[in-house]
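Here is the structure we will look at, set down as structure tokens.
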Amino acid sequence: MEKEIEKIIESLNTNEKKVLDNIKEERIENIVKKTNLDKTSVLRALEYLENKKIVILEHLKIKIVDLGINGLIYKKKGLPERRLSEKILEKKILNLNEINKELDLSEEEIKASIGALKNKALIEIKNGKLILNANGEEIIKKTLEEKFLEELPLNLSDLTPEQKYALKILEKRKNIITIKEEDNIKIKLTKLGEEVEKEKSNFKELIENITPNLLGKESNWRGKKFRRYDVTSKLPEIYGGKSHFVNQAIEYAKKVWIDLGFKEMEGNIIESSFWVFDALFTPQDHPAREMQDTFFIRGKTGELPEKRIVEAVKKSHEQGIEGSKGWNYQWKEDESKKLVLRTHTTAVSSYMLSKIKKEDIPCKYFALGKCFRNETADWSHGFEFNQTEGIVIAEGLTFRNLLGYLKEFFKKMGFEKIRFIPSYYPYTEPSVQIDVFNKDKKQWFELGGAGIFRPEVVIPLLGENITVLAWGPGFDRMIMDYYEIKDLRELYKNNINQLRKTKFWMK
């Protein structure tokens with residue numbers, strides 16, 4: 001046993017010795033402070049000690065109550081109700097309409113602070129005025145909430161009844177506190193570890209590395225021992241740098257389109273309403289153009305294309321083209337100049353149509369890029385997302401050709417189970433909705449739309465009515481299945497553990 005302990009002691013590196021010297025500390029953070037090592041070095045040393053059967057590490061999930069964004073601000077400046085009560089104490093009486101002038105508080109903070117003071121019966125409101133119901137000592141005295149904020153961070157399971165009450169109050173308010181889950185490591189010495197720990201006073205300085213300085217003088221190494229190296233111990237995993245998995249998928253999809261004979265087209269993220277809506281025969285009073293769906297750029301306007309195209313688009317809206325009646329309203333040029341964050345990459349297709357020459361037809365193009373919509377984020381929706389766009393321009397194309405292109409692309413992207421549903425879009429007829437089946441949610445969900453561009457879109461931009469197949473499915477939803485991501489929002493959280501484990505996009 002003594003021989004075994006001696007061998008183990010001779011195998012300990014400097015960090016392991018430091019950690020072992022402070023092994024009775026309950027929290028990793030305390031070991032970090034005592035040893036002056038960073039947290040990663042401490043955790044690595046503990047793993048080495050566990051490999052040598054000196055310690056047993058038990059990983060526990062604990063919930064920690066900590067300061068949120070507003071909590072950090074209030075810890076420095078004081079809670080809004082503290083600042084308000086002190087101002088009323090100074091002024092004796094404070095008009096409700098004077099609060100904004102006297103204190104740098106938002107409307108939400110004013111309402112919350114008045115509510116908090118009323119609940120504690122410290123103030124009352126009479127004739128639009130705030131009046132104190134308490135003396136100076138009661139106002140100066142720290143509240144339970146203030147004491148609680150000063151004591152954070154705390155383990156949720158260790159809270160006292162008073163702290164739980166303060167937490168319940170503060171949870172109702174915006175971003176004052178946050179509860180996060182942390183990995184807590186419980187350290188326990190084994191019997192072998194206890195024997196090794198008893199011998200820590202006998203730890204000798206061992207040579208770790210052979211260096212020029214060490215070899216320079218015989219006295220530097222003569223009579224000294226080299227540390228034993230354990231070549232069987234498991235080493236920490238090393239993760240090489242790689243592209244973000246979304247970028248990997250984008251590059252793969254681009255290759256698919258190029259292999260199918262498409263050329264890439266690019267456009268601006270900030271674009272005029274002309275290319276995003278008007279050129280695509282979307283009426284200027286369409287709900288999709290309202291603030292509820294679109295991010296507008298305030299105070300800036302875009303430039304319109306050549307007059308011929310503008311007049312042709314105006315005519316298609318007001319009067320129609322080739323038997324169409326248009327939308328029968330007065331089209332406004334100023335409305336089409338408004339700049340927006342593009343809501344779809346179809347804006348790239350409309351711009352591309354205006355640049356294609358007759359001698360270039362037949363041709364086919366694709367785009368893949370960011371789009372933005374003012375939507376509520378959930379597992380399948382985001383206000384920022386990638387979309388892939390495509391157009392095929394040639395005489396004699398049919399709806400079957402469109403479905404063929406889509407089936408081929410989705411097959412190469414790993415989707416065997418897709419369906420097409422008749423749909424409606426202002427700029428295509430006939431139109432189809434593309435759905436894929438989500439195995440986890442066990443339901444179909446929409447990826448986007450496709451169809452054949454209407455003459456009201458094609459003639460003003462291309463100059464003649466030639467068949468144009470078009471599609472624009474959402475790309476982020478498309479890659480969720482491959483990466484086994486259950487919530488669209490997880491794509492851009494940049495969780496380092498998830499990024500390390502994510503496989504490369506290879507089909």
Among the candidates Leu152, Leu132, residue that is in contact (Cβ under 8 Å) with a residue 12 or more places away in the chain, in contact with a Gly (Cβ under 9 Å, 6 or more places away or on another chain) and not small (Gly, Ala, Ser): Leu152
Given (1) in a loop (DSSP other than H, G, I, E, B); (2) without any contact (Cβ under 8 Å) to a residue 24 or more places away in the chain; (3) hydroxyl-bearing (Ser, Thr, Tyr), index of the condition Tyr482 fails: (2)
In the range 453-477, residue nearest to Pro283 (Cα to Cα) [restricted to those that are at pLDDT 80 or above and within 20 Å of the chain's Cα centre (by Cα)]: Gly474
Residue identified as closer than 28 Å to Val65 by Cα and in a loop (DSSP other than H, G, I, E, B) among Lys168, Lys142, Lys188: Lys142
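Quick check on my filter: what residues within the range 1-19 are in a helix (DSSP H, G or I) and among the aliphatic types (A, V, I, L, M)? Spell out how you get there, then give the answer.
Taking the range 1-19 and keeping what is in a helix (DSSP H, G or I), we get 2-11, 14-19.
Residues satisfying the conditions are Ile5, Ile8, Ile9, Val19.
Collect the residues in the range 463-504 that are among the polar types (S, T, N, Q) and over 20 Å from Ile391 (Cα atoms), keeping them in residue-number order.
The initial filter retains those residues of the range 463-504 that are among the polar types (S, T, N, Q), namely 465, 467, 494-495, 497-498, 502.
Residues satisfying the conditions are Asn494, Asn495, Asn497, Gln498, Thr502.
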Restricting the range 108-139 to residues that are assigned to a strand (DSSP E or B) and among the charged types (D, E, K, R), the residue that is farthest from Glu29 (Cα to Cα): Lys126
Lys76 assigned by TED's automatic domain parsing to the domain that holds Asn155, without any contact (Cβ under 8 Å) to a residue 24 or more places away in the chain, of a type in the set (Lys, Arg) and not in a strand (DSSP E or B): yes
Test: residue in the range 361-377 that is assigned to a helix (DSSP H, G or I) and assigned by TED's automatic domain parsing to the domain that holds Phe475: no
Members of the range 241-275 that are in contact (Cβ under 8 Å) with a residue 12 or more places away in the chain and over 25 Å from Phe409 (Cα atoms): Lys242, Ile270, Glu271, Ser272, Ser273, Phe274, Trp275
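Return yes or no: is Asn36 free of Cβ contacts under 8 Å to residues at least 24 places away in the same chain and either within 28 Å of the chain's Cα centre (by Cα) or surrounded by fewer than 13 Cβ atoms within 10 Å (Cβ to Cβ) (or both)? Before the answer, list the steps.
Numbers: free of Cβ contacts under 8 Å to residues at least 24 places away in the same chain: yes; either within 28 Å of the chain's Cα centre (by Cα) or surrounded by fewer than 13 Cβ atoms within 10 Å (Cβ to Cβ) (or both): yes.
Criteria met by Asn36.
Could you tell me which of the residues Asp293, Asp334 is within 39 Å of the chain's Cα centre (by Cα), among the charged types (D, E, K, R), assigned by TED's automatic domain parsing to the domain that holds Gly449 and not in a helix (DSSP H, G or I)?
Asp293
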Residue in the range 342-381 that is modelled with the highest pLDDT, counting only those that are under 20 Å from Thr294 (Cβ atoms), surrounded by fewer than 17 Cβ atoms within 10 Å (Cβ to Cβ) and not hydroxyl-bearing (Ser, Thr, Tyr): Lys370
Checklist (1) closer than 30 Å to Leu491 by Cβ; (2) more than 31 Å from the chain's Cα centre (by Cα) applied to Phe226, failing item: (1)
Total residues in the range 232-277, condition over 26 Å from Asp293 (Cα atoms), among the small types (Gly, Ala, Ser) and part of a helix (DSSP H, G or I): 2
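Counting only residues that are crowded, with 18+ Cβ neighbours inside 10 Å and either at pLDDT below 85 or aliphatic (A, V, I, L, M) (or both), how many does the range 405-414 have?
Residues that pass the stated criteria total 2.
Being modelled with pLDDT of 90 or more and either assigned to a helix (DSSP H, G or I) or surrounded by fewer than 12 Cβ atoms within 10 Å (Cβ to Cβ) (or both) is the requirement here; does Glu162 meet it?
On the way: modelled with pLDDT of 90 or more: yes; either assigned to a helix (DSSP H, G or I) or surrounded by fewer than 12 Cβ atoms within 10 Å (Cβ to Cβ) (or both): yes.
When the stated conditions are applied, Glu162 passes them.
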Selection count, the range 417-443, where residues are surrounded by 14 or more Cβ atoms within 10 Å (Cβ to Cβ) and either in contact (Cβ under 8 Å) with a residue 40 or more places away in the chain or more than 28 Å from Arg289 (Cβ to Cβ) (or both): 7
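Report whether or not Leu462 is in contact with a helix residue (DSSP H, G or I) (Cβ under 6 Å, 6 or more places away or on another chain) and within 22 Å of Lys315 (Cβ to Cβ). Outline the logic, then answer.
Details: in contact with a helix residue (DSSP H, G or I) (Cβ under 6 Å, 6 or more places away or on another chain): yes; within 22 Å of Lys315 (Cβ to Cβ): yes.
It is true that Leu462 is in contact with a helix residue (DSSP H, G or I) (Cβ under 6 Å, 6 or more places away or on another chain) and within 22 Å of Lys315 (Cβ to Cβ).
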Qualifying positions in the range 212-228 - loosely packed, with under 10 Cβ neighbours inside 10 Å and part of a loop (DSSP other than H, G, I, E, B): Lys217, Arg222, Gly223
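The values are calculated or read from the model by the stated rules, or taken from the named source; none is laboratory data. Remember, predicted model here, so these are calculated numbers, not experimental data. Every residue, glycine among them, receives a Cβ derived from its backbone with ideal geometry; neighbour counts consider all protein chains shown.
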